[in-house]
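One structure is given here, and the rest of the page talks about it.
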Amino acid sequence: EHVEDDLRLEAVSAGLHISGSYISHLFVEKLHMTFGEYVRTLRVSRACRLLQDGRRTVTEAAYEAGFNSLRSFDRAFAKQMKMTPVAYKRKLADGRDKEWEIRNWRNPVPFFIGYKDGSQGVVSVGWY
């Protein structure tokens, strides 16, 4: 929550009344990453979720996730996701197309009919 806000170590430490160096120490000790790396990870994850709905451009997702520049977003995204944001969006679009094809593929299926005695029989093979 609030990953799109201006999250700086100084502001967080002041809000929690804990020193910034102690927060930094905790992040490295417990999460094995710096506070800045943690925030970037959260923001890239948020941008991924924003891109998954298919309604946002890469630029909109970047700024909505809290990045101040496209350059820093591209670098952070590529480092975490091992692909560019544009390639990720393209991959999502390709996946949606494949899902649509699978959902709408007309497969032959048998139509069953039930008899009064409880038995069933195949009436025909048709398309659903």
Restricting to the stretch 47-62, name every residue that is outside any loop (DSSP other than H, G, I, E, B) and out of contact with any helix residue (DSSP H, G or I) (no Cβ under 8 Å at 6 or more places or on another chain). 49
Filtering the stretch 16-40 down to residues that are part of a helix (DSSP H, G or I) and polar (S, T, N, Q), which residue is most open to solvent (accessible area, probe 1.4 Å)? 21
Go through the stretch 51-72 residue by residue and tally those that are open to solvent by less than 10 Å² (accessible area, probe 1.4 Å) and within 22 Å of residue 94 (Cβ to Cβ). 3
Please list, ordered by first then second residue, the pairs with beta carbon atoms under 7 Å, 6 or more apart or interchain, first in the stretch 70-81 and closer than 16 Å to residue 45 by Cβ, second of a type in the set (Asp, Glu) and assigned to a helix (DSSP H, G or I). none
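The values are calculated or read from the model by the stated rules, or taken from the named source; none is laboratory data. The structure presented is a predicted model; accordingly, all values stated were derived computationally and were not measured. Note: ideal-geometry Cβ built from the backbone for every residue, glycine included; neighbour counts use all protein chains shown. What goes into the accessible areas is simple: the full protein's heavy atoms, side chains included, and nothing from ligands, DNA or RNA. Shrake-Rupley method; radii C 1.70, N 1.55, O 1.52, S 1.80 Å.
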